[in-house]
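Following: one structure in structure tokens, then a few remarks.
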Amino acid sequence: MSRSSRPRTGPTLTRLRQAVDASGEVVFMTDQGGIFTFVNRRFEEFYGYPAQEVIGRVTPRILRGGLVPKEAYAEFWKTLLEGRPLNYAFANRTRDGEIVHVEASVSAIKDARGALVGYLAVQRDVSARKAAEEAFRESQARLQLISENVLDLFSQIDLDGKYIYVSSSYRVVLGYEPASLVGTSAFERVHPEDRQNVERALETAARTRTPRRAEFRYRHAAGHYVWLETVGKVIDDSHGRTTAVLSTRDLTERKRIEEELRQSHKLETLGSLAGGIAHDFNNVLTAILGYTDLVLAETGPTGQMREDLEEVRRAAASAESLTRQLLIFSRKAVVQPVLVHLNDVVTGLEKMLRRTVGEHVMFTIELGDQSGFVNIDVGQIEQVLMNLVVNARDAMPRGGTLTIATRTDGDSAHRHEVLSVADTGCGMAPEIRAKIFDPFFTTKGPEKGTGLGLATVQRIVETAGGRISVESAPGIGSTFTVALPRAADVPHRATAHEASTTPNGRERVLFVEDNDAIRAMAARALRRFGYDVTTARDGADAMNIGRAARVNADVLVTDVVMPGMNGHALWQQIRSAHPACRVLFTSGFVADPDLLADVQSRNLPLLRKPYTMEGLAQAIRKIVDEPPRPA
Ligand SMILES: Nc1ncnc2c1ncn2[C@@H]1O[C@H](COP(=O)(O)OP(=O)(O)OP(=O)(O)O)[C@@H](O)[C@H]1O
Ligand SMILES: [Mg+2]
């Protein structure tokens, strides 16, 4: 027998013990010093200690879990010694070392005379509840973590649209303190144009009890609207309220990509459209310009007729500029990069720019010491300068200062030639500035601006491997800065401003062009300049003439793009028969980039349409005067 002070067994006690065991609670007794005097069966099962292992030993030493601080035990004993009943929750340790959570009540056992003889403890296992609470806390924390870090927005609203719950992500995505939204109407921040849609979606969701989706604009705390997508479902929540739970997502990025896609589709369509019409259109313009010049040449130096003709010419020139811009940013333009100094470009255009800007604006030019060339199409860089200057002028209707400056930037390995155009005009708000490079974006009204200016500038600069940036402050002004990579080579061919050659000559020209008006006009004009001209409608026609009439042409002038045999194929045929023959290609747009690349890579001379008759004659003159090149 152990040295236990286990109560003697009698019929009453046995029954008592049976009752104690049947209660399902852990029950034990100790003496005044906390030494176990009795444990029930449930104790043995629960803690894993057989009675004989614990009887006669001190309770805390056995059960102490290590999770309850010593002081708590001290407090526990103190309360007990003062004779007060005690309810407590402890984390104890079983014999296997497992932590168990118990709730217990302890009361004093007194003898017949009222003296304290020990304590009775009844403990209930609350581990499961503890675990559930712990799991709940964990899941709460996880939810919190998710809602704070995920960029989706979660909320709960009542059927009037009032927020009941708002996730923390509202702060990150929409700038609102979640607590400040609760109780306010969700609809109130929806864009007025989208509000009806959203309200209707909620109604439907409530009626059908099926999830509903809506896209709408929602006001950010900063004031602007953000595209959101919400999926909501109406449910009865645990409080018996009928509410909608909403999962919402920021659509800004998707909308932006969609917009970009739309934009690029638009550009593509526009590109093929422009390409399609540009060929014809450039021919028409060439004819208008050419015939106007022919008539002008026979008109007196003054008079109404001359003025009217000058008007025709100006109109044709502005139509030409529009076609050119369209072609440039639909990437169908004929590009002829050459090595130029930006300073030369600015100087060459200065007079015209001054005229464009007008008297009310102070116009200054600050040229840096530029030693580097850039490789760019001269017409195009002039277009860049012109567009920027016109914009600067338009920004200063009441006058101001316009400064064109050039400089060299970057280290020796990555030199950039920089051109900037600064104005002291109206400037731009950030939301305007964000759109200025979009094609067709204009604030100038339909009659005044096409919105193609900066789109063209950007296309030109980027095609040349450069970058454009803008700094602007409303009411103060704007500065556009174009940085172009410095070209490695020294110039080997044309520079920006060559001495203009005389257009006249007596050489034999075979002029091939499928447009009747241009063909007839060019023949007339070139004959006026002294040339001996034979014309042909297309390649086959040209070959026939060549064979039949034995035209021993000095120069073949041919369009690159023609029905049937293209210009380059024609040139190869003619050259095999007449090795001394030179060629001048003309083209209004890039229908087939390969074809044009072929012409350009061989450095074959190319005259862009629309051209003037004088320009045509000069180009021919120049080719004839060049020393023969090796085949
Ligand atoms: N220097 C500037 N100062 C203030 N706003 C400018 C300036 N340059 C451009 N913008 C703004 O950018 C918009 C787009 O310019 P862009 O040159 O592309 O088109 P546009 O000048 O309106 O029309 P277009 O050039 O085709 O005649 C302008 O309408 C204007 O709002
Ligand atoms: Mg413009």
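Note on Lys435: lysines with a C-alpha under 28 Å away, same-chain residues under 8 apart excluded, are Lys255, Lys266, Lys332, Lys444, Lys448.
Which whole-angstrom value gives the distance between the alpha carbon centres of the range 179-253 and the range 324-403? After rounding, the separation between the Cα centres reads 51 Å. Calculated mean residue ellipticity, 222 nm, the chain: -13500 deg cm²/dmol, from DSSP H runs (n ≥ 4) at -39500 (n - 2.57) each, averaged per residue and rounded to 500. Reducing the range 281-309 and the range 62-133 to their Cα centroids gives an inter-centroid distance of 112 Å. The charge dipole of the range 389-534, taken about the Cα centre with unit charges on the Cβ atoms of Lys, Arg (+1) and Asp, Glu (-1), comes to about 360 debye, rounded to the nearest 20.
Charges were assigned to the Cβ only: +1 to each Lys and Arg, -1 to each Asp and Glu. The resulting dipole of the range 102-154 about its Cα centre is roughly 400 debye. Nearest 10 degrees, 0 to 90: what angle lies between the long axis of helix 11-22 and the longest principal axis of the chain (Cα atoms)? With both axes taken from Cα atoms, the answer is about 0 degrees.
Think of each Lys and Arg Cβ as +1 and each Asp and Glu Cβ as -1; about the Cα centre, that makes the dipole of the chain roughly 2260 debye. Relative contact order for the chain: what percent, with Cα pairs under 8 Å and sequence separation of 6 or more? The value is 8 percent. Amide H to amide H, with H built 1.01 Å from N, Val39 comes under 5 Å of Met29, counting only residues 5 or more places away or on other chains. Projecting the Cα atoms of Phe480, Gly175, Thr586 onto the charge dipole of the chain (Cβ charges, centred on the Cα centre) puts Gly175 farthest toward the positive pole.
What the Cβ-Cβ distance of Gln32 and Arg142 gives, at R0 = 60 Å and to the nearest 0.05, is a FRET efficiency of 0.80.
Computed from backbone phi with θ = phi - 60° and the Karplus coefficients 6.51, -1.76 and 1.60, the 3J(HN,Hα) list for the range 430-443 is x, 6, 6, 4, 5, 10, 4, 8, 5, x, 6, 7, 8, 10 Hz; x is used for glycine and proline. A straight chain from Thr210 to Ile62 at 0.36 nm per residue would run longer than the Cα-Cα distance by 47.5 nm. Simple spin-label estimate for Ala74 and Val182 gives 4.1 nm between the two label positions (7 Å along the Cα-to-Cβ direction from each Cα). Heavy-atom surface analysis with a 1.4 Å probe gives the range 355-413 a carbon and sulfur content of 46 percent of its accessible area. Peptides 446-457, 181-192, 355-366, ordered by how many other C-beta atoms sit within 10 Å of their residues on average, highest first, read 446-457, 181-192, 355-366. If the chain linking Asp541 and Gln52 were pulled fully straight, counting 0.36 nm for each residue of separation and taking away their Cα-Cα distance, it would gain 163.8 nm. For the range 305-461, just say rounded, prolate or oblate: build the C-alpha gyration tensor, square-root its eigenvalues into a ≥ b ≥ c, call rounded for a/c under 1.5, and beyond that prolate if a/b exceeds b/c, oblate if not. Rounded, because the longest to shortest axis ratio a/c is under 1.5. Overall shape: prolate for the chain, with the ratio a/c of the largest to smallest alpha carbon gyration tensor axis at 1.5 or above and a/b above b/c. Note on Leu294 and Glu133: the extension gain reaches 48.2 nm, defined as 0.36 nm multiplied by sequence separation minus the Cα-Cα distance.
Relative to the longest principal axis of the Cα atoms of the chain, the long axis of helix 539-549 lies at roughly 20 degrees. Computed over protein heavy atoms with a 1.4 Å probe, the accessible surface of the chain works out to 54 Å² per residue.
Quick one: helix 342-357 against the long Cα principal axis of the chain, what's the angle to the nearest 10°, folded into 0 to 90? Orientation of helix 342-357: about 80 degrees from the principal axis. Along the axis of the charge dipole computed for the range 33-154 (Cβ charges of +1 for Lys and Arg, -1 for Asp and Glu, origin at the Cα centre), the listed residues Phe43, Asn92, Ala131 are led at the positive end by Phe43. Once both labels are positioned 7 Å from their Cα atoms along Cα-to-Cβ, the gap between Ala315 and Ser105 label points is 10.7 nm.
For Asp559, nonlocal amide neighbours, meaning residues 5 or more places apart or on other chains whose placed amide H falls under 5 Å from its own, are Val512, Thr586. Once the C-beta distance of Asp152 and Ile277 is scaled by a Förster radius of 41 Å, the resulting FRET efficiency is 0.30 to the nearest 0.05.
The values are calculated or read from the model by the stated rules, or taken from the named source; none is laboratory data. What you see is a predicted model; the values in this text were computed from it and never measured. Cβ coordinates were reconstructed from backbone atoms using ideal geometry, including for glycine residues, and neighbour counts include every protein chain displayed. The protein model used for the area step is the full one, side chains on, heavy atoms only, and it has no ligands, DNA or RNA in it. Shrake-Rupley method; radii C 1.70, N 1.55, O 1.52, S 1.80 Å.
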